[in-house]
Amino acid sequence: MKKNNLPTPVILVDQEILNHNIKKYQTACDHHKKQLWPMIKTHKSTSIAKMQLQAGATGFLCGTLDECEMLVNTGITNIMYAYPVATQTSINRIIELRKKCPIIVRIDGLESAKSLNDAAKMAEVVIDYTIIINSGLNRLGINPKQAAQFAQAIKSYENLKFKGISTHPGHVYAATEASDVIKCAMQEVEALQIATDLLRADNFEIELITSGSTPTFSTAVTDHNIGIFHPGNYVFHDAIQMALDVAKESECALTILASVISNPEPGIFIIDAGSKTLGLDKGAHGNTSIKGYGIIKQHPGSEIISLSEEVGKISVSINSALSVGDKIEIIPNHACVPANLTSRLITHQAEKVTGDIEIDMRGNSQYDPIKHL
């Protein structure tokens, strides 16, 4: 079957581009003698995770506990959870995961650390952790200059074992040009260096220094200090990465195939893909360089100007070749969102459909709260 014969809307993945992206980032890590632990929240798929492992990835960073549990159930045990845990339910899940594998958690507060330590002590397990360092996103993490002080404060928790430090330079997604991306990468590197120097001066042994984002990767991967990188979006890329000059259109693996279903007035067309397919993302942290809700391939001058849940509105130039019944391919602003809005991705090579990829790590895919009442 040719991809244009598929019912729409449908989320596509170009196999050759996907393979190219996985190989490109892994090759960079290998060249600089770094480990690649991809952030798995981008694709939420054991199939793609296995492709990353086969290429050389040595672990994964997870955005949800469902992702952690699925990886462990698949036999993958080198995993790190990206966020602090604070509720009893989440702490219990971490404890159960620790009984199966050496999971690493991230910590940035004494209250949640104490709760986790108390539960670990009761369960007679020791949990490895890294301290979250704030490198500019100002979301989670502590000031790098306070790293040693924080580590000393948490040192008395005997069932938590210090492994190192981690950061995420997510503020890069507010960048509007390549020079801003490099600046964010330098802030990422500097924050971790400051924290490292202070911790070592205070006699802390640092085993892990981990960081990463897709935009800052190519700059930060050359740093002598960081040992593990966590890019996630790189497997697909998207319009945001294109706007940041991180990826070309030819490196965007994930697209949405949609049909033009109406032409209500001159210059306006309606497609059968809305917010439930494309998402409403215009940049995770307010990227002003993004226009519309995706890039329509082969139709320059066309812009997706608004989205309802199931349909989208396109504004076109006078010379547009669009007509009702056409199918168009859209590069989404943020590929992580459409991948999470579907149960499967349809793979293709050129115009030929080759199969599908199951998205098997979505919310509550592993944890049934009703069974735990």
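General remarks:
- Taken one residue at a time, the phi angles of the range 181-195 give Karplus couplings (6.51, -1.76, 1.60, θ = phi - 60°) of 5, 4, 4, 5, 5, 5, 5, 4, 5, 5, 4, 5, 5, 4, 4 Hz. Gly and Pro are set to x.
- Kirkwood radius and radius of gyration were both taken over the C-alpha atoms of the range 15-236, and their ratio Rg/Rh is 0.96.
- The stretch between Ser315 and Ser47, if pulled fully straight at 0.36 nm per residue, gains 92.8 nm over its current Cα-Cα span.
- Restraint check, Lys121/Lys155; Lys248/Lys352; Lys23/Lys163, Cα-Cα greater than 25 Å: Lys23/Lys163
- Computed label-point distance, nm, for sites Leu6 and Arg344 using a 7 Å Cα→Cβ extension: 1.1 nm
- Sequence-distant residues sharing a close amide H with Val10 (under 5 Å, placed H): Leu257
- On the basis of the beta-carbon distance and an R0 of 22 Å, Thr74 and Asn19 show a calculated FRET efficiency of 0.60.
- Per-residue ellipticity at 222 nm, computed for the chain from helices alone with -39500 (n - 2.57) per DSSP H run of at least four residues, works out to -9000 deg cm²/dmol.
- The magnitude of the dipole of the range 15-236, with charges of +1 and -1 set on the Cβ of Lys/Arg and Asp/Glu and taken from the Cα centre, is near 320 debye.
- Per-residue HN-Hα couplings for the range 70-75 [Karplus 6.51, -1.76, 1.60; θ = phi - 60°; Hz; x = Gly/Pro]: 5, 4, 5, 5, 7, x
- For the range 206-220, putting each phi into the Karplus relation 6.51 cos²θ - 1.76 cosθ + 1.60 with θ = phi - 60° gives couplings of 9, 8, 10, 10, 10, 6, x, 7, 4, x, 8, 4, 5, 7, 5 Hz, in residue order, rounded to whole numbers and with x for Gly and Pro.
- Amide H contacts under 5 Å for Leu160: Ile127, restricted to partners 5 or more places along the chain or on a different chain, H placed in the peptide plane at 1.01 Å from N.
- Read-out percent of Cα pairs over 31 Å apart, derived from the coordinates shown; its label in [x] 39; [y] 29; [z] 32: [x]
- Using alpha-carbon coordinates, inclination of helix 110-123 to the longest axis of the chain, degrees: 70 degrees
- Pairwise FRET efficiency - Ser306 versus Asp180, Cβ, R0 = 35 Å, nearest 0.05: 0.80
- Normalised by the number of residues in the chain, the mean separation of alpha-carbon contacts (under 8 Å, six or more apart) gives a relative contact order of 21 percent.
- Euclidean distance between Cα centres, the range 285-362 to the range 1-20, Å: 12 Å
- Computed from the C-beta positions of Asp202 and Ser323, the FRET efficiency with R₀ = 41 Å rounds to 0.05.
- Distance in nm between pseudo-label sites at Lys161 and Glu124 (7 Å out along the Cβ direction from Cα): 1.7 nm
- Amide hydrogen neighbours beyond the local backbone of Ile79, cut-off 5 Å, H modeled: Phe60, Ile104
- Annotation for the range 182-227 versus the range 139-161: alpha-carbon center distance of 16 Å.
Bear in mind these aren't lab numbers, they're just calculated from the coordinates by the rules spelled out. Because the structure is predicted, anything quoted here is derived from the model rather than measured. Methodologically, a virtual Cβ is constructed for each residue, glycine included, from the backbone with ideal geometry; neighbour enumeration extends over all protein chains shown.
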